[in-house]
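Structure first, commentary second.
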Amino acid sequence: MAHEDKGHYAAKHTDRQIDKTITGKIRSLAKNDCLMCASAHKAGKELNISPSEIGVQTDLIEYRISECQLGLFGYSDGEKRIDPDIEILPDLNEQLENVNQDGRISCLECWDIAKKLKIRKLDVGSACEKKDIRIKPCQLGAF
């Protein structure tokens, strides 16, 4: 949900309830009611649950996800962390062309590409922005 929706994240999940174990972990890792993307994924691994469940529980307690590892949202200045001048190497370009469907690619696919090519997730996010490839859905459900 966007910044203007702050305080209404739980509305996306009317059929779900707060899990005290998961939200306790989220609260322990969060600062100022914000959970960094990296911390959310860490919590999921530690609790052996999916990133999407961390995202749902984060929404239910009306916390925000911050500092997207692909550089797309959640930074204090409101700006993305993508590099508009990134040089897209041929291997990365090929992966993006093979995986994107109708100008879209999932966050998870971006992470897989970064791992496969041994590059930063931020570089994959930057390349997607430069190539006008929309990244959706987010593993945490932020977008």
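The values are calculated or read from the model by the stated rules, or taken from the named source; none is laboratory data. Because the structure is predicted, anything quoted here is derived from the model rather than measured. Backbone-built Cβ (ideal geometry, glycine too); neighbour counts: all protein chains shown.
What to note about this one:
- Every residue from the stretch 89-104 that is not in a helix (DSSP H, G or I) and not polar (S, T, N, Q): 89, 102, 103, 104
- Those helices (runs of 4 or more DSSP H) of the stretch 1-83 in which at least 1 residues are in contact with a His (Cβ under 8 Å, 6 or more places away or on another chain) and crowded, with 20+ Cβ neighbours inside 10 Å, considering only elements entirely within it, cover 51-60.
- Selected residue [over 17 Å from residue 41 (Cβ atoms), part of a helix (DSSP H, G or I) and among the hydrophobic types (A, V, I, L, M, F, W, C)] from 114, 127: 127
- Single residue of 67, 97, 79 found to be more than 14 Å from residue 9 (Cβ to Cβ), without any contact (Cβ under 8 Å) to a residue 60 or more places away in the chain and more than 18 Å from the chain's Cα centre (by Cα): 97
- Pair list, Cβ under 9 Å, 6 or more apart: the stretch 17-31 residue under 14 Å from residue 42 (Cβ atoms), other residue surrounded by fewer than 13 Cβ atoms within 10 Å (Cβ to Cβ): 25/46
- Residue check for residue 113: out of contact with any Gly (no Cβ under 7 Å at 6 or more places or on another chain), buried (at least 21 other Cβ atoms within 10 Å of the Cβ) and outside the structural domain of residue 31 (by TED's automatic domain parsing): yes
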